Amino acid sequence: MNSANSWVDRALDKVERVGNKLPDPAIIFLISLVVVWVLSALLSNFSFDAIDPRSGEPVVVNNLLTGASLADFLSRMVTIFTSFAPLGVVLVAMLGVGVAEHSGFINAAIKRMLDATPKSLLTPSIILVAIVSHTATDAGYVLVIPLAGVIFYAMGRHPLAGIAAAFAGVSGGFSANFVPSAIDPLLQSFTQSAAQIIDPDIQVNPLNNWAFTSASSVLIILLGWYLTDKVVEPRLQNTPVDGDPADVPSFDELGAREKRALSVSLWVMVLGIVALVLILWPQDSPMRAPDGQLASFAAPVMRSIVPLIFLLFVVPGVVYGYMAGTFQNSKHVIDAMTKAMHSMSYYMVMAFFCALFIDAFGKSNLGALLAIEGAEVLRALALPSMVTIVGLILLTAFVNLFVGSASAKWALLGPIFVPMLMQLNISPDLTQAAYRLGDSASNIVTPLMPYFPLVVVYCQRYVKGTGIGTLLSIMLPYSIAILVAWTAFLLIYWALGLPLGVQSSYVYPAV
């Protein structure tokens with residue numbers, strides 16, 4: 001057993017050394033941008049038989065090095081950056097979190113929480129919260145992951161292990177959740193459209209995978225718990241925490257004034273949540289979609305998650321600050337926001353190059369070509385249905401290294417795989433479940449994922465020398481274990497005939 005652990009440690013150390021020799025993430029995105037330009041110019045001279053399911057036309061690679069394309073790129077460079085979705089999510093949320101943190105509210109709340117949480121259950125508790133955070137879209141990336149590092153550090157454990165556990169829950173277990181979220185109806189809409197290519201009357205329920213994703217949550221929690229405590233954290237014991245004292249939080253015993261301030265600010269937070277529930281409760285609430293749904297992307301509440309996070313932290317943070325004496329005037333509140341933005345400056349530089357790369361990759365159609373050609377190869381192999389499902393999972397995990405958006409990939413792959421597997425008597429519900437599994441497993445090991453550089457920044461708060469290789473070596477065991485175990489779990493789940501979700505089936509036509 002020790003020799004096996006030693007072999008794993010040596011392999012991960014090698015990944016870390018090689019990965020940390022890579023250029024800075026911002027430079028990787030810049031190099032990737034140039035590579036996309038060059039490939040687009042070369043491949044634009046060829047014709048491809050692959051049919052884009054979104055248009056019904058052959059895929060055409062667009063040359064991004066023409067004069068018109070470069071002129072368009074330069075004219076849009078600023079708006080490409082400012083419209084980069086993760087940037088707004090991170091910055092707005094961090095303004096509120098920054099006030100709550102620098103007022104002392106978060107540290108005080110964590111201190112009280114740690115007093116009530118058994119140390120032995122800390123890891124699964126973190127992963128559970130990370131999984132549930134999917135309900136609030138990208139909130140887990142900007143809230144749960146950094147707080148997990150703070151909590152582990154406060155408990156005397158390695159903060160990078162906490163960050164890794166939360167990252168595995170938020171991103172590696174992206175499609176595992178007890179609570180339905182906006183991603184369910186989004187993917188269902190693509191699945192239903194693809195299924196109607198074969199059966200125009202078929203209807204797919206938005207919660208068609210809910211039972212499977214709920215059961216998968218237990219698997220992800222157990223996997224993450226074991227890997228964090230038995231594999232990742234023991235290996236991190238040789239990695240010293242050398243972050244700047246000003247950046248690494250400290251946890252002193254709460255005084256009477258702080259306890260009173262925390263109590264009042266927590267009640268303020270609870271009242272805010274109650275007020276939100278009362279606003280959402282009526283069927284004709286302006287925060288609901290026109291059809292009355294809350295979980296739909298058309299519902300204003302789903303588009304307001306980040307502003308709600310901002311308010312949920314800035315208001316209690318201000319209350320705590322004034323009551324505890326850490327804030328004496330409004331300038332101190334603004335100073336807290338300013339400090340939060342200082343910590344995000346490195347991420348903003350990386351986000352600039354990341355936004356340019358993702359925009360160019362999408363416009364070139366290289367991602368569409370990669371996904372469709374891979375799907376066509378898998379279809380041409382004409383493998384047994386169970387092997388084809390595994391192939392879909394592996395293909396999705398691979399394409400996910402280059403195309404991060406879950407909906408964008410399914411818009412490409414869904415119209416190919418859903419009709420193809422329906423003709424093999426496999427239901428759209430099962431095909432979608434397999435896709436969601438593959439889409440999640442490789443999230444945590446792709447530096448091109450927009451939030452990956454942000455997690456590197458979180459780690460650098462505690463270990464200044466953290467690089468891409470460090471994070472890759474930490475997350476690789478999670479990714480491999482999730483891919484293998486979750487795939488086996490789906491196959492066993494399928495063999496047992498357990499329900500996938502609401503109004504779902506394994507076979508087509510449903511019996």
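The values are calculated or read from the model by the stated rules, or taken from the named source; none is laboratory data. Keep in mind that what you see is a predicted model, and the values were worked out from it rather than measured. Cβ placement follows ideal geometry from the backbone for every residue including glycine, while neighbour counts extend to all protein chains displayed.
Taking Ser47 as the residue in question, decide whether it is modelled with pLDDT under 95, surrounded by fewer than 16 Cβ atoms within 10 Å (Cβ to Cβ) and in contact with a Pro (Cβ under 8 Å, 6 or more places away or on another chain).
Values: modelled with pLDDT under 95: yes; surrounded by fewer than 16 Cβ atoms within 10 Å (Cβ to Cβ): yes; in contact with a Pro (Cβ under 8 Å, 6 or more places away or on another chain): yes.
For Ser47, the condition - modelled with pLDDT under 95, surrounded by fewer than 16 Cβ atoms within 10 Å (Cβ to Cβ) and in contact with a Pro (Cβ under 8 Å, 6 or more places away or on another chain) - is met.
Those residues that are among the hydrophobic types (A, V, I, L, M, F, W, C) and loosely packed, with under 10 Cβ neighbours inside 10 Å, I need them from the range 493-502; list them, please.
Of the range 493-502, the ones among the hydrophobic types (A, V, I, L, M, F, W, C) are 494-496, 498, 500, 502.
Of everything in the range 493-502, just one residue is among the hydrophobic types (A, V, I, L, M, F, W, C) and loosely packed, with under 10 Cβ neighbours inside 10 Å, namely Leu496.
Being within 17 Å of the chain's Cα centre (by Cα), of a type outside the set (D, E, K, R), surrounded by fewer than 22 Cβ atoms within 10 Å (Cβ to Cβ) and closer than 30 Å to Pro384 by Cα is the requirement here; does Ser505 meet it?
Working: within 17 Å of the chain's Cα centre (by Cα): no; of a type outside the set (D, E, K, R): yes; surrounded by fewer than 22 Cβ atoms within 10 Å (Cβ to Cβ): yes; closer than 30 Å to Pro384 by Cα: yes.
Against the criterion (within 17 Å of the chain's Cα centre (by Cα), of a type outside the set (D, E, K, R), surrounded by fewer than 22 Cβ atoms within 10 Å (Cβ to Cβ) and closer than 30 Å to Pro384 by Cα), Ser505 does not qualify.
For the range 117-140, does any single residue satisfy the condition of being crowded, with 23+ Cβ neighbours inside 10 Å and either outside any helix (DSSP H, G or I) or among the charged types (D, E, K, R) (or both)?
No: zero hits.
For Ile416, which of the numbered conditions (1) more than 29 Å from Ile197 (Cα to Cα); (2) β-branched (Val, Ile, Thr); (3) out of contact with any Phe, Trp or Tyr (no Cβ under 6 Å at 6 or more places or on another chain) fails to hold?
(1)
Quick one: which residue in Gly501, Gly469, Gly438 is of a type in the set (Gly, Ala, Ser), modelled with pLDDT under 95, touching a Leu at 6+ places or on another chain (Cβ under 9 Å) and farther than 24 Å from Ala194 by Cβ?
Details: Gly501 fails: farther than 24 Å from Ala194 by Cβ; Gly438 fails: farther than 24 Å from Ala194 by Cβ.
None of the others qualify; the one that does is Gly469.
Run down Ser442, Ser504 and say which single residue is out of contact with any Lys or Arg (no Cβ under 6 Å at 6 or more places or on another chain) and either among the aromatic types (Phe, Trp, Tyr) or within 28 Å of Pro146 (Cα to Cα) (or both).
On the way: Ser504 fails: either among the aromatic types (Phe, Trp, Tyr) or within 28 Å of Pro146 (Cα to Cα) (or both).
Only one candidate passes the filter, namely Ser442.
Is it the case that Ile334 is among the β-branched types (Val, Ile, Thr), without any contact (Cβ under 8 Å) to a residue 60 or more places away in the chain and out of contact with any helix residue (DSSP H, G or I) (no Cβ under 7 Å at 6 or more places or on another chain)?
Numbers: among the β-branched types (Val, Ile, Thr): yes; without any contact (Cβ under 8 Å) to a residue 60 or more places away in the chain: yes; out of contact with any helix residue (DSSP H, G or I) (no Cβ under 7 Å at 6 or more places or on another chain): yes.
Against the criterion (among the β-branched types (Val, Ile, Thr), without any contact (Cβ under 8 Å) to a residue 60 or more places away in the chain and out of contact with any helix residue (DSSP H, G or I) (no Cβ under 7 Å at 6 or more places or on another chain)), Ile334 qualifies.
Looking at the range 54-77 only, could you name the residues that are exposed (fewer than 10 other Cβ atoms within 10 Å of the Cβ) and closer than 30 Å to Ala195 by Cα?
Within the range 54-77, Gly56, Glu57 qualify.
Cβ-Cβ under 7 Å, sequence separation 6+ or interchain: first residue in the range 407-426 and under 17 Å from Ser55 (Cβ atoms) and free of Cβ contacts under 8 Å to residues at least 40 places away in the same chain, partner polar (S, T, N, Q) and part of a helix (DSSP H, G or I). Which pairs?
Every condition considered, the pairs that remain are Lys409/Thr396.
Quick one: how many residues across the range 130-176 are at pLDDT 85 or above and on the phi > 0 side of the Ramachandran plot?
Here the count works out to 1.
Considering only the range 275-292, how many residues are of a type in the set (D, E, K, R) and either in contact with a Cys (Cβ under 6 Å, 6 or more places away or on another chain) or surrounded by 13 or more Cβ atoms within 10 Å (Cβ to Cβ) (or both)?
Adding up the residues that qualify gives 1.
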